[in-house]
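The numbers here are math on the coordinates, done by the rules we state, and not lab data. In this text, all values refer to a predicted model and were calculated from it rather than measured experimentally. So basically every Cβ, Gly included, is an ideal-geometry build from the backbone, and we count neighbours across all protein chains shown.
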Amino acid sequence: MTVGKSEKPSDNPASETSATASSHESEANENPEGDQTLEAFSRKDGLPTDEHYSAGSDAETGSAVDSGEEDEADEWEALRAENARLRDESLRAYADAENARKRAQTEISNARRFALEGFASELLNVRDSLDLAKSVDLDGAEGVVERVVEGLELTLKQLDSAFEQFSVFEISPEVGDKLDPESHQAMTLAPSSDVAPNHICQVIQKGYRLHDRLLRPARVIVAKAPEGED
């Protein structure tokens, strides 16, 4: 009976692994049709392939970039529109302000030029009355002086009416009134035994006010104690 020799295990497992891998690689190289068949099977059954994963990743990246660019473009367009709107509003506001300024200047200029229009119109009647009195023939007419005096009185009434209408008030102090420095101007001092010192003894010229503003003080002579009296 013949007893065969038992095979001794290999002392180099790495060699076996390398040999196995080489064997598989050799088989794969020898059978390229098998790999193609597997890829075709994956496509047929709808299974994702390596190309599918690669294409999907590129598409998602491109879509995200396109979406970001569109959002940025929309944002810039909105900013341009807002800038145009604000610029238009500012130009309109400037134009309105400029027009208002010009209107105000025109109104102020007209107010200064024609401030006395109404007062001057009232004085025209006074001027007409004086022209009429001047044209009267004083020679050989009976009662001419009386008519001139009446005309002058009428003219004064017209003038007083114009003053009253435009708030021009007369300052007419009387003899014996105390001197008021706010509305009276003392032209000189005169000794008087009838009027107390620092009181008005004679009115030279009337004064006038426009509302509360002094146009002209009344010019007066103020009494002082006679010489030799304390």
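Listed values, structure above:
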| read-out | value |
| --- | --- |
| Prolate/oblate/rounded call for segment 119-166, Cα gyration tensor, a/c under 1.5 rounded | oblate |
| Gained length - ASP88 relative to ILE204, 0.36 nm times residue gap less alpha-carbon distance | 34.9 nm |
| Separation in nanometres of the label points that stand 7 Å from Cα toward Cβ, at GLU98 and ALA190 | 6.7 nm |
| Cα gyration tensor shape of segment 117-218, rounded if a/c is under 1.5, else prolate or oblate by comparing a/b with b/c | oblate |
| Segment 145-203: GluC sites (Glu not before Pro) falling in loop per DSSP and having at most 14 other Cβ within 10 Å | GLU174, GLU182 |
